[in-house]
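Below is one structure, written out as structure tokens, with a few remarks after it.
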Amino acid sequence: DINLDVAKRIRTALEKRGYKVCLTRDRDKWLSLGERVRLGKRLKGDLFVSIHVNAAESSSAVGFETYILDFARTSSAARLAVIENANSGRLGDMDKVLGEIVRGVRTAESRRLADCIQTSTLSHLKKNGKRIHDGGGKGAPFHFLAGSTMPSVLVEVGYCTNKAEARRLRDPKYRQALAQGIANGVHSYARKLSGR
């Protein structure tokens, strides 16, 4: 419910700025990570932004995080990659994922996109009196990011296992602020590409 709602709000915010936005789903329907990547390729997207709600064994885990395809540098990033990759159906393809990381395929552009989204979202939330911990930009060996042919990020909008963040994520005004911040980040990235 939260991921889809935030994605639709991002679409609306970006369309108001003249962007063409395609969602991998527009209703509560399950698509595998592989299906999402194939759809992005078929639609010839310029960017791939995947919206997620995080969870952790510890209820004290908090934060807004943006991931790119890279080696996991923390145990929490490694844990998240294991969980996400378990749903990919591609566990045997880890050599391909690692090869893409080593070659740096799309890494620089994905990192720029992640930085723009992370910075813009936190800034927008702060301006609107909404607080969230900066979990930072991170790398993890996500299978579906390896399968993407465009700059790609996975955005964790908060932890549903933390009571305070779960409460905020249920608030439509908070989700709107998150969505606007993410849209601002995409717009900032696009402006940097065009030199404006």
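Run down 77, 72 and say which single residue is open to solvent by 30 Å² or more (accessible area, probe 1.4 Å), at pLDDT below 95, among the aliphatic types (A, V, I, L, M) and touching a strand residue (DSSP E or B) at 6+ places or on another chain (Cβ under 7 Å). None of the other options fit; the residue is 72. If you take the residues in the range 52-69 that are within 26 Å of residue 109 (Cα to Cα) and either of a type in the set (A, V, I, L, M, F, W, C) or over 14 Å from the mean Cα position of the chain (by Cα) (or both), which one is most open to solvent (accessible area, probe 1.4 Å)? Here the answer is 53. For the range 108-160, taking the residues that are among the basic types (Lys, Arg) and more than 19 Å from residue 177 (Cβ to Cβ), the one that is surrounded by the fewest Cβ atoms within 10 Å (Cβ to Cβ) is identified as 112.
Would you say residue 92 is more than 13 Å from the chain's Cα centre (by Cα), modelled with pLDDT under 55 and open to solvent by 60 Å² or more (accessible area, probe 1.4 Å)? Yes, satisfied.
The residues of the range 11-43 that are more than 22 Å from residue 178 (Cα to Cα) and modelled with pLDDT of 85 or more, listed by number, are 42, 43.
Listed residues 140, 166, 146, 177; which is in contact (Cβ under 8 Å) with a residue 60 or more places away in the chain, farther than 20 Å from residue 24 by Cα and aliphatic (A, V, I, L, M)?
140
Of everything listed in (1) farther than 24 Å from residue 135 by Cβ; (2) out of contact with any Lys or Arg (no Cβ under 7 Å at 6 or more places or on another chain); (3) in contact (Cβ under 8 Å) with a residue 12 or more places away in the chain; (4) not basic (Lys, Arg), the single unmet condition for residue 18 is (3). The residue list 120, 148 contains one member that is under 22 Å from residue 184 (Cα atoms) and among the hydroxyl-bearing types (Ser, Thr, Tyr), which is 120.
Do you know which residues across the range 142-196 are of a type in the set (D, E, K, R) and under 17 Å from residue 65 (Cβ atoms)?
Scanning the range 142-196 gives 156, 165, 168, 175.
Within the range 32-61, track down each residue that is over 24 Å from residue 166 (Cβ atoms), of a type outside the set (Gly, Ala, Ser) and assigned to a loop (DSSP other than H, G, I, E, B). The answer is 43, 44, 46, 47. Could you run through the range 161-196 and say how many residues are open to solvent by less than 30 Å² (accessible area, probe 1.4 Å) and not in a helix (DSSP H, G or I)? Of the residues in the range 161-196, 1 are open to solvent by less than 30 Å² (accessible area, probe 1.4 Å) and not in a helix (DSSP H, G or I). Here the range 21-51 is the region considered, the condition is being out of contact with any strand residue (DSSP E or B) (no Cβ under 6 Å at 6 or more places or on another chain), closer than 23 Å to residue 189 by Cβ and in contact (Cβ under 8 Å) with a residue 60 or more places away in the chain, and the residue that is most open to solvent (accessible area, probe 1.4 Å) is 46.
The values are calculated or read from the model by the stated rules, or taken from the named source; none is laboratory data. From a predicted model like this one, the values you see are computed outputs, not experimental measurements. Because the Cβ atoms are built from the backbone with ideal geometry, glycine has one as well, and the counts that use them run over all protein chains shown. Side chains are part of the model used for accessible areas, which takes the heavy atoms of the whole protein and leaves out ligands, DNA and RNA. Shrake-Rupley method; radii C 1.70, N 1.55, O 1.52, S 1.80 Å.
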